[in-house]
Amino acid sequence: PATPAKPTISARPVISHQITNSHDTDAGIGDSEDVDGQELSSTNLLAGPRNVKPYIPRRGEQYMNKEQLEHFRQILNTWKRDLMQEVDRTVLHMKEEAANFPDPNDRATQESEFSLELRTRDRERKLIRKIEEAIKRIEDGSYGYCVETGEEIGIKRLEARPVATLCVEAQERRERREKQYGDRDDRYR
């Protein structure tokens, strides 16, 4: 008797994105397009900086030495610049698109779009403030260390979220407390 064939599972293709330093101009990536030619939205900028070349620590290298601090300063400054450009783009877009449509539905649609854009810009404004605070922590020597425990946050975590102020364990404790007690402490956001 023949055994039935195993069903094949087709997976979606994984698209890897090229990672470069922000000063690499020959990467062929425009400011508003990713590797696949799709337009980058500002929500991508809210998730984290783009075009970050991972820092590879050398054996025996001291944590948060001058090279590492400069690496993160560059990431933060580039991220801040990208966010500021997005803010400028929004202002221009809203000025160009502002119209007093005679149709109430068109007016409502435009107001809804503007409202969404302004809400996103507000989130970006708060993120810019966090980036500036992170740059100040680089300058005062406290960057890369947990504000609760004083432990190292870690290079990989900081590259994923350069404005992080908590180590993974402290962040998990805070999230559990928040979930359990509904306690929201915005000083870490």
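Brief remarks on what is shown
- Test set (1) within 16 Å of the chain's Cα centre (by Cα); (2) open to solvent by less than 30 Å² (accessible area, probe 1.4 Å); (3) farther than 26 Å from Asp140 by Cβ - Thr90 fails condition number: (1)
- Hey, Ile138 within 21 Å of the chain's Cα centre (by Cα), open to solvent by 90 Å² or more (accessible area, probe 1.4 Å) and within 24 Å of Cys167 (Cα to Cα) or not: no
- Close pairs (7 angstrom Cβ cut-off, 6 or more residues apart or separate chains): under 16 Å from Pro49 (Cβ atoms) in the stretch 144-173, among the basic types (Lys, Arg) anywhere: Val163/Lys130; Ala164/Arg157
- Residues satisfying the stated conditions in the stretch 42-78, i.e. assigned to a loop (DSSP other than H, G, I, E, B), surrounded by fewer than 13 Cβ atoms within 10 Å (Cβ to Cβ) and either of a type in the set (Lys, Arg) or in contact with a Cys (Cβ under 8 Å, 6 or more places away or on another chain) (or both): Arg58, Arg59
- Residue within the stretch 98-117 that is acidic (Asp, Glu), touching a residue at least 12 places away in the same chain (Cβ under 8 Å) and within 30 Å of Arg59 (Cα to Cα) present: no
- A single entry from Gln68, Gln62 fulfils the requirement of being farther than 23 Å from Glu124 by Cβ, touching a residue at least 24 places away in the same chain (Cβ under 8 Å) and not hydroxyl-bearing (Ser, Thr, Tyr): Gln68.
- Flag for Gln110 being polar (S, T, N, Q), exposed (fewer than 12 other Cβ atoms within 10 Å of the Cβ), out of contact with any strand residue (DSSP E or B) (no Cβ under 8 Å at 6 or more places or on another chain) and modelled with pLDDT of 85 or more: no
- For the stretch 109-127, the set of residues classified as within 21 Å of Met84 (Cβ to Cβ) and of a type in the set (Val, Ile, Thr) consists of Thr120 only.
- So Arg121, is it surrounded by 14 or more Cβ atoms within 10 Å (Cβ to Cβ), out of contact with any Pro (no Cβ under 6 Å at 6 or more places or on another chain) and over 20 Å from Gln62 (Cα atoms): yes
The values are calculated or read from the model by the stated rules, or taken from the named source; none is laboratory data. Given the structure is predicted, the values throughout are model-derived calculations rather than measurements. Every residue, glycine among them, receives a Cβ derived from its backbone with ideal geometry; neighbour counts consider all protein chains shown. To get the accessible areas, we keep the full protein, side chains included, count just its heavy atoms, and leave off ligands, DNA and RNA. Shrake-Rupley method; radii C 1.70, N 1.55, O 1.52, S 1.80 Å.
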